[in-house]
Amino acid sequence: MKKKIIAIILTAALLVTGCGASSGTASSENASAQETAAESGEENADAAEEEETEEDPDAAADQNEEGTPETGEEEEGAEDSYGVTTGGSPWIDSEIRENLSEDMPTDPKDDFHLYANKEWLLGNTIPDGYSSWNHYSERGIEVTKQCIELLKDESIEGHDADLIRTYNGLLLDWDARNESGVSEIQEAFDEIRGLKNLEELNALFLDDEYISGIFDFFARGAGLGLENTGRYIVLVDAPETLLRDSAEYPERSEYGDMIYGYYKDLFCYIAQKLGMTEEEAEACFDSAIDFEAQYADAIMTTDDMYSEDYYDRINNIMTWEEVAALTDAVPVGKIMEKEGYKYDGEYLVMQPDFFKKLSEVYTEENFEGIRDRVLVDYVMGFRKSLDRETYEYMNDTYNGYFGTEGMVDDDQMAYETVVEALPSAMQKVYLAKYGSEEDKKKVEDLCKMVMETYREMLSENDWASEETVQYAIEKLDKMKIHAAYPDKFRDLTELDLKDCSLLEAEDRIGRYEMAYDVSLVGKEVDREMWAEGFNILECNAFYDSGENTINMIIGMMGEPFFSDDMSTEELYASMGAFWIGHEISHAFDSNGAQFDADGNYADWWTEEDYEQFSERISKMDDYLDTIVAFGDYNVIGSNVDTEMAADMTGLQCALRMASKVENFDYDVFFTKYAQMNANIAVYSTELSQLTQDEHPLDYLRTNVPVQQFEEFYTTYGVTEGDNMYLAPEDRLIIW
């Protein structure tokens, strides 16, 4: 049986910067914010061109950890792998429900987020199958229910409807899945397990049965370069690690232990179904981890990916000959040539030092660890697609390690899998019924209004030179608006899922996507298909540095974010500050500032202006670093400064809009702004977001931005000595 081909997620995803927090969605594996993230890297829909979602909530960073078990130490049990913590300074983490009580006093001068959201926070619970619950989730459930109805509607005609119904039916056919069990992956499992040396393994990498279907120690795919974003090139990168963050290998963090325990238990469970003893399975998993530890120091950590010089570090253009010669261990050149990625053009190799390290450790002496790493990846790739018993064990095990409860119902599980695998088909069927040209036009007009206000704000900037300001305005003027949904989608008529099992269908989808990816190499980007590779049905929005576009997708166009009966104050708080203003700001944050008006990685700053800009970002980082998020964990300012800068500048833009409205009710405005960030989450989700997500915790996304603006102080009478007070000289205005 061929293994399904898993889509490649490359770190160039960081070109796309989104709005929301990383939590808030569900999955069949519970708390998908973490599980999906642990797999691929989706942040609340900072949708990557190759994917995602999102995101990567890799394992927790080693900063501020206390009492972390050393690598290899076994847990007492899954139930001991997560906790609840209190504290925080100057505010408590009100996203953790255990930190709240009915009789807790609130005061806008002390903790504005808690003041505005206490009733919602105490009145809601995290549903089964979720790791958090917020307004993104509420809107997401609304769209999910609509899509589930569409999946059940046999009257809808067309190939796209046939595709999603067929795949949905295979996912829900538990009788067939139970009957198949692990039988369809047994032969390949036995073959990989029986390999005797590197020669046999390398031959497997080139076998037509397995090509691109098993873990072969590097990632590749069509994507956009940094300096010429109009044409697809080939991106080559280091692989993901099992623990998701390479910083976990010298010494695991608290969150790293959760990932380790969960993946190990699940692998061992499935491996025993495939014929391993428990002892053999445990040894195999740890052998894979031990081998990864030998090259993990040559892979960027999460902190590295958020560093200011990240783009410089990954911008390594090579020729085909240079790529083929990256390592003499894994047959990189032969694999890519057979797949179709050989062409007469540029290759962007993101982490060339990794391949040097791989050459050192990919030896016969390490063969068992190498083979075991391949075997673990093979097994884990099927964990969501096997029998009911495995599915329920997966969910129960996840709950034990990450503190979540229950699981989503089968219909939701199937829909989420369908829209992940076949986004274009699902979106086209959805839009045929729910697409609204009128709403699309409204959002586009709102974008134009906010952009015009942003233009005024840039024009009146008092610290940058005229040269820099004028180029910033030019970049703003060239920014394209993608509202709601595109008019063009990919044609999937060549994909056929009839008369096959679930695993065969997933294999067909994987091979179809692989062929499409290869077909893009060397071609110009079709800008009309701007939703390709991500899900516009998610409740999200994002800015794309490589295209200089803001994307306000249909998934967020509903209550409580967007509706016809919103007051001006609510509309400005939501669409003006929280959504549109935020995304425009990403064009001018510390990442967006490195890309020009055409989306190319280029320096458009004077040296003096960029130095002052960097000083402003550093001042923000220094302030954020002082905040104790919860327990013994401080905020990592340098990881979240791009999102926080966008929050602040989006709010600044909306307040400028508000200043033009007679009798504007600032209390309604600020309250609505805070309510956009209302969120409750399990401890493991808070820990994951704090330590490896570029989005600050949601209560900080309320309190830190509002305390920068005089309108907030005037509205609530905040004065020196209040928790919400910042002295004027300490306030953080980026633009």
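The values are calculated or read from the model by the stated rules, or taken from the named source; none is laboratory data. Fair warning: this is a prediction, and the values are worked out from it, not measured in the lab. Note that we place each Cβ from the backbone using ideal geometry, even for glycine, and neighbour counts take in every protein chain shown. Note: areas computed on protein heavy atoms with side chains; ligands, DNA, RNA excluded. Shrake-Rupley method; radii C 1.70, N 1.55, O 1.52, S 1.80 Å.
List the trypsin sites (Lys or Arg not before Pro) in region 641-711 that DSSP assigns to loop (not H, G, I, E or B) and whose Cβ has at most 10 other Cβ atoms within 10 Å. Which are they? Walk me through the numbers before you get to the answer.
Working: sites: R656, K660, K672, R701; in loops: K660.
Those satisfying the criteria are K660.
Give me the one-decimal nm value for the distance between modelled label points at D128 and M449, 7 Å along each residue's Cα-to-Cβ direction.
Label-label distance for D128 and M449, simple model: 4.3 nm.
Counting only protein heavy atoms and using a 1.4 Å probe, what share of the accessible area of the chain belongs to carbon plus sulfur, as a whole percent?
Details: 11570 of 26260 Å².
Roughly 44 percent, rounded to a whole number.
Starting at the first residue of region 327-344, write each ³J(HN,Hα) from the Karplus equation 6.51 cos²θ - 1.76 cosθ + 1.60 with θ = phi - 60°, in whole Hz, x for Gly and Pro.
Listing the rounded values in order: 8, 9, 9, 6, x, 4, x, 5, 5, 5, 5, 5, 6, x, 8, 7, 7, 8 Hz.
For Y683, what is the net charge nearby, where nearby means another residue's Cβ is under 12 Å from its Cβ and Lys, Arg count +1, Asp, Glu -1?
On the way: positive: R97; negative: D93, E95, E98, E254, E686.
Residues close to Y683 contribute a combined charge of -4.
Roughly how many debye, to the nearest 20, is the charge dipole of the chain about its Cα centre, given +1 on each Lys and Arg Cβ, -1 on each Asp and Glu Cβ, and no other charges? Could the numbers behind the result be given before it?
Values: 54 positive and 166 negative charges, 407 e Å.
Roughly 1960 debye, rounded to the nearest 20.
Taking the 0 to 90 degree range and rounding to the nearest ten, how far is the long axis of helix 666-676 tilted relative to the main principal axis of the chain, both from C-alpha atoms?
10 degrees
Would you mind working out the accessible area per residue for region 503-656, using a 1.4 Å probe, and quoting it in Å²?
Details: 4420 Å² over 154 residues.
Roughly 29 Å² per residue, with all protein chains present.
Once amide H atoms are placed 1.01 Å from N in the peptide plane, what residues at a sequence separation of 5 or more from Y130, or on another chain, have their amide H within under 5 Å of its amide H?
For Y130, whose amide H was placed from the backbone, the distant partners under 5 Å are A31, E405.
How many Å² of accessible area per residue for region 410-456, probe 1.4 Å?
Value for region 410-456: 41 Å² per residue.
Could you tell me which of rounded, prolate or oblate describes region 636-695, using a ≥ b ≥ c as the square roots of the eigenvalues of the alpha-carbon gyration tensor, with rounded for a/c under 1.5 and, failing that, prolate when a/b is larger than b/c and oblate otherwise? Don't skip to the end; give the middle numbers.
Numbers: a/c = 5.76, a/b = 1.90, b/c = 3.04.
It comes out oblate by the Cα gyration axes.
Would you compute, for the Cα atoms of region 308-398, the largest minus smallest coordinate along each principal axis and list the three values in descending order, in whole Å?
48, 36, 31
Within region 121-207, which GluC sites (Glu not before Pro) sit in a loop by DSSP and count at most 10 neighbouring Cβ atoms inside 10 Å? Walk me through the intermediate numbers first.
On the way: sites: E138, E142, E149, E154, E157, E179, E184, E187, E191, E199, E200; in loops: E154, E157.
Those that pass, being in a loop and sparsely packed, are E154, E157.
Between N228 and D477, what FRET efficiency follows from the Cβ-Cβ distance if R0 is 25 Å, with the result rounded to 0.05? It would help to have the intermediate numbers written out before the result.
Numbers: r = 22 Å, r/R0 = 0.86.
It comes to 0.70.
At a 10 angstrom cut-off on C-beta neighbours, averaged per residue, how do the peptides 554-562, 100-108 rank from highest to lowest? Before the final figure, lay out each step's value.
Numbers: 554-562: 20.9, 100-108: 12.0.
Result, highest mean first: 554-562, 100-108.
Tell me the net charge near V429. Cut-off is 13 Å between Cβ atoms, V429 excluded, with +1 for each Lys or Arg and -1 for each Asp or Glu. Please list the in-between numbers first.
Working: positive: K152, R165, K428, K433; negative: E149, D153, E154, E157, D160, D162.
My count for the surroundings of V429 gives -2.
Quick one: what do you get for region 260-304 if you divide its Cα Rg by 2.2 N^0.38 Å? Walk me through the intermediate numbers first.
Details: Rg = 13.0 Å, N = 45, 2.2 N^0.38 = 9.3 Å.
It is 1.39.
Treating the angle as unsigned and between 0 and 90°, give the value, to the nearest 10°, between the Cα long axis of helix 388-402 and the longest Cα principal axis of the chain.
Relative to the chain, helix 388-402 is tipped by roughly 50 degrees.
Out of every Cα pair in region 116-195, what percent are spaced more than 18 Å from each other? Please list the in-between numbers first.
Working: 2121 of 3160 pairs.
Percentage above 18 Å: 67.
Could you tell me how far the Cα centroid of region 684-735 sits from the Cα centroid of region 494-538, in Å?
42 Å
Average the reciprocal distances over every distinct pair of alpha-carbons in region 601-720, invert the result, and give the Kirkwood radius in Å.
Across region 601-720, the inverse of the average 1/r is 16.0 Å.
With r defined as the distance between the Cβ atoms of E494 and E710 and R0 fixed at 51 Å, what FRET efficiency is calculated, to the nearest 0.05?
Details: r = 59 Å, r/R0 = 1.16.
Rounded to the nearest 0.05, the efficiency is 0.30.
Specify the inter-centroid distance of region 336-381 and region 547-619, based on alpha-carbon positions, in whole Å.
Rounded to whole Å, the Cα centres lie 37 Å apart.
Among A645, Q351, I536, flag the residue with its Cα farthest along the positive direction of the charge dipole of the chain, charges on Cβ as +1 for Lys/Arg and -1 for Asp/Glu.
I536
Below 10 angstrom from the Cβ of K478, what's the summed charge of the other residues (Lys, Arg +1; Asp, Glu -1)? Before the final figure, lay out each step's value.
Numbers: positive: K475, K480; negative: E474, D477, D596, D598.
Result for the local shell: -2.
Between their Cα atoms, which of K196/K264; K342/K475; K442/K478; K448/K672; K433/K480 are more than 32 Å away from each other?
On the way: K196/K264 24 Å; K342/K475 35 Å; K442/K478 20 Å; K448/K672 22 Å; K433/K480 26 Å.
In this structure, K342/K475 exceed 32 Å between Cα atoms.
Might you report the magnitude of the Cβ-based charge dipole of region 424-491 about its Cα centre, with Lys and Arg at +1 and Asp and Glu at -1, to the nearest 20 debye?
Details: 12 positive and 15 negative charges, 137 e Å.
Dipole size: approximately 660 debye.
Give me a comma-separated list of calculated 3J(HN,Hα) values for region 692-699, in order, Karplus coefficients 6.51, -1.76, 1.60 applied at θ = phi - 60°, integers in Hz, x for any Gly or Pro.
8, 10, 6, 8, x, 4, 5, 5
Would you mind calculating the gained length between E437 and E729 on full extension (0.36 nm times residue separation, minus the Cα-Cα distance), in nm to one decimal? Could the numbers behind the result be given before it?
On the way: separation 292, 0.36 × 292 = 105.12 nm, distance 4.66 nm.
Result: 100.5 nm gained on full extension.
Calculate how large, on average over all directions, the projected area of the Cα convex hull of region 408-512 is; give the answer in nm² to one decimal.
Details: hull surface 44.8 nm².
Hull-based average projected area comes out at 11.2 nm².
R0 = 25 Å: FRET efficiency of D353 with D190, Cβ-based, nearest 0.05? Mind dumping the intermediate values first?
Values: r = 36 Å, r/R0 = 1.42.
Here the calculated transfer efficiency is 0.10.
Calculate, in nm to one decimal, what E392 and E209 gain on full extension: separation in residues at 0.36 nm each, minus their alpha carbon distance.
So the chain would gain 62.9 nm between E392 and E209.
Can you check what the Kirkwood hydrodynamic radius comes to for the chain, Cα pairs only, in Å to one decimal?
On the way: mean 1/r = 0.0382 Å⁻¹.
Radius from the Kirkwood sum: 26.2 Å.
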